[in-house]
Amino acid sequence: MTLQNQVRRLTQFHEEPSLHAWSITSVGNFSLWLIVLLILFQTEYLFLVPLMVLAQIFPQHRTWIMTVGGGGLFLFKKLNQLQVTSPFWFAFDTLMIVGFLYLFYRIAKSFAKLPKIIKNHPQLFLHALLWVGIGLMFLFPAEARRDPSRMLALNLTACLVFFAFLIWRIGFMLYSGKRGTIKQQGFVEHLIYCLPYLGSSQVPYGKGLDYLNSKRSTDRLELARIQLAGLKLLLLASIWELALTVVDAAFFSTAVDAEPLFRLHHISELIAISTLHMPGPVTIWGSLIVDMVYETTQLAITGHLIIGCLRLFGFNLFRNTYKPLLARTLIDFWNRYYFYFKELLVDFFFFPVYLAVFKHHPKLRIFAATMASACLGNLYYHVLQHFDLLMITGNLPSFARFSSYLFYSFVLGLAIFVSILREQNQRGQPHVQHSIWVTLRKIAGVWIFFALLRIWDHSSSAFMQDTTFFLAIFGIRL
Amino acid sequence: MDRITDNDGLIKSGLIDSLAMLEIIAFLESRFGIDFSETGVDPVDLESIQKILDLIDRYKQ
């Protein structure tokens, strides 16, 4: 066996039939869970290990185990974040949230009987409801929404924050209603993804129940293979975590007694520094590139932990991040970088627009759908993501922050559209084997594009400040 | 090259990507008159040749 085959066998260990068989023996299974426990020991996912083991022992009760256990952990964690500590209000909020989800479940279940206008535009209906709720909340003065002595306003705000948080998941529930698949699905099954302990963002890793069900293991040997694939992701997450520690020490360390080998900056810090003194080109380009790689790796770690856990529960899901740094085109990077966010934009913005407009103008059709998803949908998602800040503090994130993100989304949408057209033009042509230098040049182009684009997407973005910095890199001073 | 069976996952095996999915949708619209705007697109329906055939059958009914 060649060295290449041996490496491949090692990295693809989860595809080894002998290992599948071994992992369902007592010793093999004990070893699997021991390794999982060691990896998750210092993470917030530790509490899921007993639930995963229970789901394996009682596969017929997997749904209930994930819902009751995972849902309970989710509510506990989120309500604690919102500083709901009283048992009464905890119960009140839980009832409101679960009741709210049940209401949407019933709506989705009776989809065929809904008024035509809602049936034709269920997602618009859903988002209109949210904005009506937001409007009503403004009847309470901002102070009331964060005053501990005014518990009703505080807890209604918490429920509305949850609604905004869960809106994309409820959207998937309505899609199940539209497709008619919800008729065979129970409410508790939908809570698997509607009360998501796994993943703390609005993006549903694993999408909705239709998708999850299509990826569910059906027998013990298949479960073993999926669990080993999950273990592989957890191991990868640990390796990347270690790699980031090294990068931190080498470039970003802020410890007094540990000066890094070569001082680089995360992007928001770099832009802040540049307003006082423009660093040298090596520091600027080094920071832009290394920070882009750093953030991509962070995203991969989070995604590997979440998808790894879902695989250990028995769902054979795609990775959230799959080698984006090896992508040779912008569209390829976008597909591999944050898969479930891209899927959210595709499901809720791209396809609805693609199916509705310019059917006889293929390029215009793709342009409209791409801009609706990568530009407008992307921006709208981020507005909703900041909604909790608005409801809790009463302060809107500044316009400058969103104008910067609007520019980011616009350029991203255009770039993806151009990349799609280029890929389409190359389809059907004979495959050309590029030299290693051409391949590296393509990869470098993708890295530079996204490293520069991130100038308009960081924690302290402001359009003029970001644009001034971008121009200054090329020697243009405003 | 190995033969593709009717039940092989096309997306999973890397045989089609999201761009190819757009082409499949456009083909199904023009060749079979399927109107996806009624039901939306479920990528699961396009995951294998068999599932695409099932989708066409469902639409014909």
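Are there any pairs with C-beta distances below 6 angstrom linking a residue in segment A:185-212 that is within 14 Å of chain B (Cβ to nearest Cβ) to a residue that is part of a loop (DSSP other than H, G, I, E, B) and surrounded by fewer than 23 Cβ atoms within 10 Å (Cβ to Cβ), with the two at least 6 apart or on different chains, and if so which?
Between residues of segment A:185-212 that are within 14 Å of chain B (Cβ to nearest Cβ) and residues that are part of a loop (DSSP other than H, G, I, E, B) and surrounded by fewer than 23 Cβ atoms within 10 Å (Cβ to Cβ), the close pairs are A:209/A:185.
Could you say which residue among A:182, A:192 is in contact with a helix residue (DSSP H, G or I) (Cβ under 8 Å, 6 or more places away or on another chain), assigned to a helix (DSSP H, G or I), under 17 Å from residue A:316 (Cα atoms) and of a type in the set (A, V, I, L, M)?
Checking each option against the conditions leaves just A:192.
Scan (1) touching a residue at least 40 places away in the same chain (Cβ under 8 Å); (2) in a loop (DSSP other than H, G, I, E, B); (3) surrounded by 19 or more Cβ atoms within 10 Å (Cβ to Cβ) for the single condition residue A:173 breaks and write down its number.
It is condition (2) that residue A:173 fails.
Of the numbered conditions (1) surrounded by fewer than 19 Cβ atoms within 10 Å (Cβ to Cβ); (2) in the same structural domain as residue A:52 (by TED's automatic domain parsing), residue A:253 satisfies every one except a single condition; which is it?
Residue A:253 satisfies every listed condition except (2).
For residue A:283, state whether it is without any contact (Cβ under 8 Å) to a residue 60 or more places away in the chain, away from chain B (no Cβ under 14 Å) and closer than 27 Å to residue A:385 by Cα.
Here the answer is no, as residue A:283 does not meet what is asked.
Would segment A:210-223 turn up any residue that is farther than 26 Å from residue A:56 by Cα and assigned by TED's automatic domain parsing to the domain that holds residue A:60?
no
Using beta carbons and a limit of 7 Å, which pairs, at least six apart or on different chains, have the first residue in segment B:32-61 and farther than 25 Å from residue A:360 by Cβ and the second one surrounded by 14 or more Cβ atoms within 10 Å (Cβ to Cβ) and at pLDDT 85 or above?
Between residues of segment B:32-61 that are farther than 25 Å from residue A:360 by Cβ and residues that are surrounded by 14 or more Cβ atoms within 10 Å (Cβ to Cβ) and at pLDDT 85 or above, the close pairs are B:44/A:210; B:44/A:211; B:44/A:214.
I want to confirm something. Restricting to segment A:329-356 and keeping residues that are within 10 Å of another protein chain (Cβ to nearest Cβ) and of a type in the set (A, V, I, L, M), which single residue is surrounded by the most Cβ atoms within 10 Å (Cβ to Cβ)?
Going through the qualifying residues, I end up with A:331.
Take the conditions more than 30 Å from residue A:220 (Cβ to Cβ), assigned by TED's automatic domain parsing to the domain that holds residue A:173 and at pLDDT below 95 and apply them to residue A:82. Does it pass?
The answer is yes for residue A:82.
Restricting attention to segment A:426-440, does a residue exist that is in the same structural domain as residue A:288 (by TED's automatic domain parsing), assigned to a helix (DSSP H, G or I) and of a type in the set (Lys, Arg)?
The answer is no, given that none of the residues of segment A:426-440 is in the same structural domain as residue A:288 (by TED's automatic domain parsing), assigned to a helix (DSSP H, G or I) and of a type in the set (Lys, Arg).
Residue A:246: exposed (fewer than 14 other Cβ atoms within 10 Å of the Cβ), under 27 Å from the mean Cα position of the chain (by Cα) and free of Cβ contacts under 8 Å to residues at least 40 places away in the same chain, yes or no?
The answer is yes for residue A:246.
What helices (runs of 4 or more DSSP H) lie completely within segment A:39-142 and have 1 or more residues being within 28 Å of residue A:157 (Cβ to Cβ) and under 24 Å from the mean Cα position of the chain (by Cα)?
Ranges flagged: A:71-81, A:87-109, A:122-137.
Taking the stated definitions as given, is residue A:326 in contact (Cβ under 8 Å) with a residue 24 or more places away in the chain, over 14 Å from the mean Cα position of the chain (by Cα), surrounded by fewer than 21 Cβ atoms within 10 Å (Cβ to Cβ) and more than 13 Å from chain B (Cβ to nearest Cβ)?
It is true that residue A:326 is in contact (Cβ under 8 Å) with a residue 24 or more places away in the chain, over 14 Å from the mean Cα position of the chain (by Cα), surrounded by fewer than 21 Cβ atoms within 10 Å (Cβ to Cβ) and more than 13 Å from chain B (Cβ to nearest Cβ).
Anything in segment B:8-60 that is at pLDDT below 70 and within 13 Å of chain A (Cβ to nearest Cβ)? List them, or say none.
B:9, B:11, B:12, B:13, B:14, B:16, B:17, B:18, B:19 - these are the residues of segment B:8-60 that are at pLDDT below 70 and within 13 Å of chain A (Cβ to nearest Cβ).
Which pairs have Cβ atoms under 7 Å, sit 6 or more apart or on different chains, and link a residue in segment A:424-441 that is more than 14 Å from chain B (Cβ to nearest Cβ) and at pLDDT 80 or above to one that is in a loop (DSSP other than H, G, I, E, B) and surrounded by 10 or more Cβ atoms within 10 Å (Cβ to Cβ)?
A:439/A:328
Could you figure out which of (1) assigned to a helix (DSSP H, G or I); (2) over 27 Å from the mean Cα position of the chain (by Cα); (3) not aromatic (Phe, Trp, Tyr) isn't true of residue A:263?
Going through (1) assigned to a helix (DSSP H, G or I); (2) over 27 Å from the mean Cα position of the chain (by Cα); (3) not aromatic (Phe, Trp, Tyr) one by one, residue A:263 breaks only (1).
The values are calculated or read from the model by the stated rules, or taken from the named source; none is laboratory data. Everything numeric in this text was worked out from a predicted model, so none of it was measured. As a convention, Cβ positions derive from the backbone with ideal geometry for all residues, glycine included, and neighbour counts pool all protein chains shown.
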